[in-house]
């Protein structure tokens, strides 16, 4: 009886197969890295967008509070009347102007505290790409100290546009400041445009006077 010797051939990976496997792993690694980088970039943009939206909301809320706390006409025509000439379109507590660069600025005389016995002058203005708010020291006597712009607070950055218009009955939205004999405004429109990771975003709030 003949004995047959069976030789088993141990099969491994060829060089070509190894190179293909390494190439596939490299491609998968690049795809995973790009996916993670995209997620990280998207998360960063969302955070920047949230920060920009929160900044805009803070500006709108603070501006609305300043307007709501403004001195009433009866008081402004009395002992706490501002030094500026009152404008016919706006209430006496609001004084608007255009700065040398054409940007808009608004000064508001508003109450301080809950007792209603002290007042201060608050100024909003844009300088470059920054929106500022400055307030003068509270006082119960006229003339009220002017806002201290050197101690102003930067309330928003990357500001592309800041402007306020007044609603004149029968004429619609009127650019400020406005001259001539005008009907008293019944509302204000604050327009604000900021730039964040998504590009320029516009915000608008209408307030009743």
Go ahead and run the numbers for FRET between residue 129 and residue 186, Cβ-Cβ distance against an R0 of 30 Å, rounding to 0.05.
-> 0.40
For region 51-157, would you read off the P(r) tail past 22 Å as a percentage of all alpha carbon pairs?
-> 30
Over region 51-157, relative contact order from alpha-carbon pairs under 8 Å, at least 6 apart, % | 21
Note: residue 64 to residue 209 extended length (0.36 nm per residue) minus current alpha-carbon separation gives 51.1 nm
Take each of the peptides 122-133, 16-27, 160-171, 143-154, average the number of other beta-carbon atoms within 10 Å over its residues, and list them starting from the highest.
-> 122-133, 160-171, 143-154, 16-27
Measuring from label point to label point, each 7 Å out along Cα→Cβ, what is the residue 35 to residue 149 span in nm?
-> 5.5
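Each reported figure results from applying straightforward, stated rules to the coordinates on display, with no laboratory input. What you see is a predicted model, and the numbers here were worked out from it, not measured in a lab. Here the Cβ is made from the backbone with ideal geometry for all residues, glycine too, and neighbour counts use every protein chain on show.
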